[in-house]
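To start, the structure itself, in structure tokens.
The values are calculated or read from the model by the stated rules, or taken from the named source; none is laboratory data. Computed from a prediction, not measured in an experiment: that's the story for all the values here. Positions of Cβ are backbone-derived with ideal geometry, glycine not excepted, and every protein chain shown enters the neighbour counts. The area values use the complete protein model at the heavy-atom level, side chains included, leaving out ligands, DNA and RNA. Shrake-Rupley method; radii C 1.70, N 1.55, O 1.52, S 1.80 Å.
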Amino acid sequence: MANPNETEKNTPLVWADHISKYFHVARGQVLKAVNNVNFEVRQGETVGLVGESGCGKSTTGRCLVRLYEPTRGTVWYRGKDVSKLNRAEKKEFCSNVQMIFQNPYSSLNPRMTVKEIVGEGMALHGHYSQKELDDKVEELLHLVGLGRDHMSRFPHEFSGGQRQRIGIARALSVNPEFIVCDEPISALDVSIQAQVINMLKHLQEQFSLTYLFIAHDLSVVKYISDRVIVMYLGTIVEEAEADELYSHPLHPYTQALLSAIPIADPELTRSRKRIPITGEIPSPINPKDCCQFADRCPYATERCHKEMPQIRKVGKEHAVACHLINS
Ligand SMILES: Nc1ncnc2c1ncn2[C@@H]1O[C@H](COP(=O)(O)OP(=O)(O)OP(=O)(O)O)[C@@H](O)[C@H]1O
Ligand code: SF4
Ligand SMILES: [Mg+2]
């Protein structure tokens, strides 16, 4: 019989169903930030979403939490189209789904105390007395390693790591089940990054949370993700279980990202083939209808410059978009 925890992990909680998000920019041009992206996040798992700056990770995350309306496609949450929720369902969605932002300073209101920031969502979504609210805020701060004496302070009085902890306490305050963690550690000192990752892992176990964990570095998501999705210029180029992706990366872009990760073992470093990515990431404004990676790919052929590769399954959980694979 299937392990109930495993079965739960296979149930889709969120499905980004072929979503695109376009922005109309200067001179009538269209910036395709996210272009026909299709993936699901299953209950209880952590999906890592990785790619270079500007590839559309935050825009994808924002579409999932309804901060952006996709230009095309549908976001489904527990089988419901999130653009068609009624008032009561919207309220429930807003507490079930939370986002932790990339910049912990700009996402906290500088004029509010920590108590107000962390308690705001609870005051909106629940019926608490002031005493209950204070106790709950203290409990949440305790969970993220802060204390009662921090409650009356303002965001500027904290370090970057502490501010991110406040952001995490705020997200947890409404008992969410799904959290989009948008580069929650990239603004932090390396010494603090591991602490915050471990805290997020611990909170996930404690509250059965599901995460979409956004990062631009594959090394960061390795320790927290069950599955990893690699994005390039608005599209998904590869998706696989974390172990599989790290041991058998198939897309040249994933291989290049992995080969850039420093490893401690000098033997392994010497034997590893480095795949340099040359040139800049192209503009997402009016992108060409071909492989988006073609101008930087060491294996590009004529076909790559003419035809966009479709994402294809190459294993149970492994999919890749490259003309070289399975052709
Ligand atoms: N509101 C907006 N209006 C116009 N363009 C936008 C908007 N938001 C994002 N973009 C553009 O969409 C593209 C994707 O941006 P996004 O923030 O999703 O990238 P990202 O992968 O999160 O990058 P980073 O790692 O730097 O955070 C970029 O070219 C960005 O300039
Ligand atoms: S489709 Fe062609 S250009 Fe694109 S990643 Fe594959 S080999 Fe490289
Ligand atoms: Mg971003």
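Limited to region 278-307, what total is found for residues that are assigned to a loop (DSSP other than H, G, I, E, B), more than 16 Å from ligand 3 (Cβ to nearest atom) and of a type in the set (Val, Ile, Thr)?
Residues meeting the conditions: 2.
State which residue is nearest to ligand 2 (Cβ to nearest atom) when the search covers only region 33-78 and only residues that are under 29 Å from Glu205 (Cβ atoms) and part of a loop (DSSP other than H, G, I, E, B).
Gly51
Of the residues that sit in region 299-326 and are of a type in the set (Gly, Ala, Ser) and in contact with a strand residue (DSSP E or B) (Cβ under 9 Å, 6 or more places away or on another chain), which one is most open to solvent (accessible area, probe 1.4 Å)?
Gly315
Report the residue count in region 161-183 for those that are among the polar types (S, T, N, Q), free of Cβ contacts under 8 Å to residues at least 60 places away in the same chain and open to solvent by less than 10 Å² (accessible area, probe 1.4 Å).
Residues in region 161-183 being among the polar types (S, T, N, Q), free of Cβ contacts under 8 Å to residues at least 60 places away in the same chain and open to solvent by less than 10 Å² (accessible area, probe 1.4 Å): 1 in total.
Could you give me the residue pairs with C-beta distances under 9 Å whose first residue belongs to region 10-30 and is among the aromatic types (Phe, Trp, Tyr) and open to solvent by less than 50 Å² (accessible area, probe 1.4 Å), whose second residue is within 12 Å of ligand 1 (Cβ to nearest atom) and in a strand (DSSP E or B) wherever it lies, and which are 6+ apart or on separate chains?
From residues that are among the aromatic types (Phe, Trp, Tyr) and open to solvent by less than 50 Å² (accessible area, probe 1.4 Å), the pairs are Tyr22/Val30; Tyr22/Leu31; Tyr22/Lys32; Tyr22/Ala33; Tyr22/Val34; Tyr22/Asn35.
Which residue is farthest from ligand 2 (Cβ to nearest atom), if the candidates are limited to region 192-218 and must be touching a helix residue (DSSP H, G or I) at 6+ places or on another chain (Cβ under 9 Å) and polar (S, T, N, Q)?
Step by step, filter region 192-218, then rank; the result is Gln206.
All but one of (1) more than 29 Å from Val41 (Cα to Cα); (2) in a helix (DSSP H, G or I); (3) touching a Lys or Arg at 6+ places or on another chain (Cβ under 9 Å) hold for Asp135; which doesn't?
(3)
In the set Ser208, Ser152, Ser129, which member is open to solvent by 60 Å² or more (accessible area, probe 1.4 Å), more than 16 Å from ligand 1 (Cβ to nearest atom), hydroxyl-bearing (Ser, Thr, Tyr) and on the phi < 0 side of the Ramachandran plot?
Details: Ser208 fails: on the phi < 0 side of the Ramachandran plot; Ser129 fails: open to solvent by 60 Å² or more (accessible area, probe 1.4 Å).
That would be Ser152, the only listed residue that is open to solvent by 60 Å² or more (accessible area, probe 1.4 Å), more than 16 Å from ligand 1 (Cβ to nearest atom), hydroxyl-bearing (Ser, Thr, Tyr) and on the phi < 0 side of the Ramachandran plot.
Assuming Asp289 fulfils every condition listed in (1) modelled with pLDDT of 95 or more; (2) within 14 Å of ligand 2 (Cβ to nearest atom) apart from one, which condition is it?
Just one mismatch for Asp289, condition (1).
Could you list, in sequence order, all residues of region 283-327 that are in contact with a Leu (Cβ under 7 Å, 6 or more places away or on another chain) and at positive phi?
Hits for region 283-327: nothing passes.
Quick one: which strands (runs of 3 or more DSSP E) sit completely within region 147-252 and have at least 1 residues that are of a type in the set (Asp, Glu)?
Answer list for region 147-252: 178-182, 235-241.
Under 9 Å between Cβ atoms, at least 6 apart or on separate chains: pull out the pairs that start in region 130-155 with a residue that is among the aromatic types (Phe, Trp, Tyr) and end on any residue that is open to solvent by 30 Å² or more (accessible area, probe 1.4 Å).
What qualifies is Phe154/Pro110; Phe154/Arg111; Phe154/Met112.
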